[in-house]
Amino acid sequence: MNFFKYIKAVGTGPKSNKDLTKEEIIEAIQGILEQKCESEQAAAFLMLLRVKLESQEELAGCLQAFDKYIKRENIPESIELGFSYDGKTKQPYLFPLYGKILKEFFEKNNHIKPLDIVISGDFCQPAKEGITVKDIATNIELEDNIHFFDRKDYFKELSDLTELRKKLYMRTIFNTTEKLLNPANSKYAITSAFHKPYVEKYTKLFASNYENLLILKGNEGTTEVFSNFKYWVNENGKIEEKSMDLKQLDINYARKFENISLEQALAFIENPDKETIKLAKLNVAILLFAANRVDSINEAYNMLTEEKKGFLSFFKNLFS
């Protein structure tokens, strides 16, 4: 394989660099995945492509190249949570709490079609060293409505590039395209972005693969929120920014961690306090909204907490 032509295309210099066509980027990415080029060539290409800045067509071509290798299952009535693969260092994970909350919600609201959760994990990837989804999912028993897909099983070719990516220790085109690989043919998805330009980029890249895609500004680039947050929705073909204040929902979560350990993260999940449960319910409300089960996040959160609110209202009315 003449891989040098791709390195030359993206690494000659600002005046001579060129964007690759979709066909070219597919061939280059598949050459890397199948290790048809030297590892040094693959590393040089990924680094130079990142410095050049990937075009939208290159991102789309990379995602399309993956389809040749991904082994998918079929869980259509599910929502895929598009976590980053570099993990968390400042907060634990909430997703193991979602399963029970969802089950209770659908038991009380049996007119609403049930929904499963899909998460994907792998060894930690650059650019930071955090606790990963895989660390959590393989060390705790998940509810049967949460499906963990280990990438070494369904997309071994990309998982096998972990050591090469660690040597680079920088973000590459894979960090962008790997967030939503849809291993379960899910109808719905959530991923995270920090700024609106990336919202538009992710919308162009992923939205056509799902009936609905929700993008929010989550904690540490993940789909989980621990504080006030923004999210973006497509209204009449235009991306609109919305925001939520947790105090308006009577959520007062204030815990902070510094380089959280796996032991701390697991203990947090196994012994959630009242504010953590409220926070988990908010995150489930976001899932229900993204999966078109409700009309708004507020509506879903009220439904998830209405029993408690009703109990309090009863005593307030009793003594008023």
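The values are calculated or read from the model by the stated rules, or taken from the named source; none is laboratory data. Everything numeric here is computed off the predicted structure, so don't read it as measured data. Here Cβ is always computed from backbone atoms with ideal geometry, including for glycine, and neighbour counts include all displayed protein chains. Side chains are part of the model used for accessible areas, which takes the heavy atoms of the whole protein and leaves out ligands, DNA and RNA. Shrake-Rupley method; radii C 1.70, N 1.55, O 1.52, S 1.80 Å.
Couple of notes before you dig in:
- Residues of the range 42-62 that are closer than 21 Å to Asp160 by Cα and not in a helix (DSSP H, G or I): none at all.
- Check on Ala127, open to solvent by 30 Å² or more (accessible area, probe 1.4 Å) and either in a loop (DSSP other than H, G, I, E, B) or among the aliphatic types (A, V, I, L, M) (or both): yes
- Residue in the range 177-184 that is more than 12 Å from the chain's Cα centre (by Cα), closer than 20 Å to Asn292 by Cβ and at pLDDT 95 or above present: yes
- Strands (runs of 3 or more DSSP E) fully within the range 180-255 counting 3 or more residues that are under 19 Å from Ile297 (Cβ atoms) and touching a Gly at 6+ places or on another chain (Cβ under 7 Å): 188-192
- Looking across the range 125-165, the residues that are at pLDDT below 95 and among the charged types (D, E, K, R) come down to Lys128, Glu129.
- Scoring Leu164 on the criteria (1) touching a residue at least 40 places away in the same chain (Cβ under 8 Å); (2) open to solvent by 10 Å² or more (accessible area, probe 1.4 Å); (3) within 23 Å of Ala285 (Cα to Cα); (4) not small (Gly, Ala, Ser) leaves a single failure, condition (3).
- Whether a residue is within 18 Å of the chain's Cα centre (by Cα) and either in contact (Cβ under 8 Å) with a residue 40 or more places away in the chain or surrounded by fewer than 23 Cβ atoms within 10 Å (Cβ to Cβ) (or both) was assessed, and Gly121 passes this test.
- The range 1-35, subset touching a Gly at 6+ places or on another chain (Cβ under 6 Å) and assigned to a helix (DSSP H, G or I), residue most open to solvent (accessible area, probe 1.4 Å): Lys22
- When residues in the range 256-287 are screened for being touching a residue at least 24 places away in the same chain (Cβ under 8 Å), surrounded by fewer than 18 Cβ atoms within 10 Å (Cβ to Cβ) and outside any helix (DSSP H, G or I), 6 of them pass.
- Subset of the range 238-254 (residues that are out of contact with any Phe, Trp or Tyr (no Cβ under 8 Å at 6 or more places or on another chain) and open to solvent by 70 Å² or more (accessible area, probe 1.4 Å)): Lys238, Lys247, Gln248, Asp250, Asn252, Ala254
- Some residue of the range 42-65 being in contact with a Cys (Cβ under 9 Å, 6 or more places away or on another chain), touching a residue at least 40 places away in the same chain (Cβ under 8 Å), of a type in the set (Gly, Ala, Ser) and within 19 Å of Ser159 (Cα to Cα): no
- Test for Tyr93: is it modelled with pLDDT of 95 or more and within 18 Å of the chain's Cα centre (by Cα): yes
- Filtered residues of the range 138-156 (kept if surrounded by 17 or more Cβ atoms within 10 Å (Cβ to Cβ), in a helix (DSSP H, G or I) and either basic (Lys, Arg) or touching a Leu at 6+ places or on another chain (Cβ under 7 Å) (or both)): Arg151
- Unmet criterion (only one of (1) in contact with a Ser or Thr (Cβ under 6 Å, 6 or more places away or on another chain); (2) surrounded by fewer than 21 Cβ atoms within 10 Å (Cβ to Cβ); (3) not hydroxyl-bearing (Ser, Thr, Tyr)) for Phe83: (2)
- Selection of the range 30-41 for residues being touching a residue at least 60 places away in the same chain (Cβ under 8 Å) and of a type in the set (A, V, I, L, M, F, W, C) yields Ile32, Leu33.
- Within the range 206-225, the presence of at least one residue that is under 30 Å from Asp273 (Cβ atoms) and open to solvent by 70 Å² or more (accessible area, probe 1.4 Å) is confirmed.
- Those residues of the range 74-91 which are aliphatic (A, V, I, L, M) and touching a Phe, Trp or Tyr at 6+ places or on another chain (Cβ under 7 Å), in sequence order: Ile79, Leu81
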